[in-house]
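**Student:** Dumping the structure here so I can ask a few things about it.
Any read-out appearing in this document is the output of simple, stated calculations on the displayed coordinates, not a laboratory observation. All values derive from a computational prediction rather than experimental measurement. Don't worry about glycine lacking a Cβ; one is built from the backbone with ideal geometry, like all the others, and counts go over all protein chains shown.
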Ligand code: NI
């Protein structure tokens, strides 16, 4: 399931991030590409673990912790420290599947990549191209979101970033290890939670909502691995 998470960052936070990133030292994106990605990756990114990447990454992580839609869709167990990239002058990232496992910087622990995330930092009108194309069983979906919005998609998907032919595309990207590894189980829980939240807003039948909420938690209890 491809989920758009709106307004992860406020306009002020986006502006501050872009301002800092404008003067940032960018390195070749190949620094963190896997074998497959290295063949097709042509962009730049902030050095992993650099002070600015850590500072901005913490802003993103704090925003995600407060975002109910992100929590509901990802059921996060651990989030990889957000990284930042920049595309301009025709830069692109060809079709690839993200590595299944990433080493968490500094700890040596491993993170299984269940979900991939891109947080858009530049307004779509300020650049041409740069769509994130995600393939699923229904075909390819072009994603180009307002600054501050995030797209969450299965790390199992084949995806690519179209060449940026005008302007600059800044984004943050990272991976999530979910408490529910199976995508089908996670999608069912997300659908159920979304329906329950809607029923809560309409003040529907108390007993039925209680029963459904119980089902949600009892399914989660069956499927969760932490
Ligand atoms: Ni990727």
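**Student:** Counting only C-alpha contacts under 8 Å and six or more residues apart, can you give the relative contact order of the stretch 1-103 as a whole percent? Don't skip to the end; give the middle numbers.
**Tutor:** Details: 96 pairs, mean separation 34.9, N = 103.
Here the relative contact order equals 34 percent.
**Student:** Could you give the distance between the Cα centres of the stretch 29-78 and the stretch 82-161, to the whole Å?
**Tutor:** Between the Cα centres of the stretch 29-78 and the stretch 82-161 lies a distance of 9 Å.
**Student:** Of the residues 154, 163, 68, which exhibits the maximal mean-square fluctuation in a Gaussian network model of the chain defined by a 10 Å Cα contact cut-off?
**Tutor:** Result: 68 has the largest fluctuation of those listed.
**Student:** Restricting things to alpha carbons, tell me how big the stretch 84-195 is in terms of Rg and Dmax, in Å.
**Tutor:** Using the Cα atoms of the stretch 84-195, the pair Rg, Dmax is 15.1, 44 Å.
**Student:** At a threshold of 8 angstrom on Cα-Cα distance, excluding pairs fewer than six apart, so keeping six or more, what relative contact order does the chain reach in percent?
**Tutor:** Numbers: 438 pairs, mean separation 55.2, N = 226.
The normalised contact order for the chain reaches 24 percent.
**Student:** Quick one: in the stretch 144-226, what % of C-alpha pairs are over 23 Å apart?
**Tutor:** On the way: 1571 of 3403 pairs.
Distances greater than 23 Å cover 46 percent of the Cα pairs.
**Student:** For residue 206 and residue 78, what is the calculated FRET efficiency with R₀ set at 35 Å and r taken between the beta-carbons, to the nearest 0.05? All intermediate terms of the calculation are to be shown ahead of the outcome.
**Tutor:** Details: r = 36 Å, r/R0 = 1.02.
With a Förster radius of 35 Å, E is 0.50.
**Student:** Report, largest value first, the span of the C-alpha coordinates of the stretch 183-223 along each principal axis, in whole Å.
**Tutor:** 30, 15, 8
**Student:** Now, a different point. Among 205, 149, 191, which one shows the highest mean-square fluctuation when the chain is modelled as a Gaussian network with alpha-carbon springs under 10 Å?
**Tutor:** Between 205, 149, 191, it is 205 that shows the largest mean-square fluctuation.
**Student:** Efficiency by 1/(1 + (r/R0)^6): what FRET value for residue 101 and residue 136, r their Cβ-Cβ distance, R0 = 25 Å, to the nearest 0.05?
**Tutor:** Details: r = 22 Å, r/R0 = 0.88.
Taking R0 as 25 Å, the efficiency between residue 101 and residue 136 is 0.70.
**Student:** If you don't mind, another one. Quick one: which of 92-103, 12-23, 209-220 comes out on top by average Cβ neighbours within 10 Å, and what's the full order, highest first? Numbers along the way, then the final one.
**Tutor:** On the way: 92-103: 16.5, 12-23: 15.0, 209-220: 13.3.
Ranked from most to least packed, the peptides come out as 92-103, 12-23, 209-220.
**Student:** Starting from the Cα-Cα distance between residue 27 and residue 7, subtract it from 0.36 nm times their residue separation and give me the gain in nm to one decimal. List each step's numbers first, then the result.
**Tutor:** Numbers: separation 20, 0.36 × 20 = 7.20 nm, distance 2.79 nm.
Taking residue 27 through residue 7 to full extension adds about 4.4 nm, to one decimal.
**Student:** On each of the three principal axes of the Cα atoms of the chain, give max minus min coordinate, whole Å, ordered largest first.
**Tutor:** Extents along the principal axes: 57, 36, 35 Å.
**Student:** Please list, by residue number, everything in the stretch 208-225 whose backbone N is under 20 Å from a paramagnetic label point 7 Å out along Cα→Cβ of residue 183.
**Tutor:** 223-225
**Student:** For residue 66 and residue 126 in the same chain, what is the full-extension length gain: residue separation times 0.36 nm, less their Cα-Cα distance, in nm? Before the final figure, lay out the partial values.
**Tutor:** Details: separation 60, 0.36 × 60 = 21.60 nm, distance 2.86 nm.
Extra length from residue 66 to residue 126 when fully extended: 18.7 nm.
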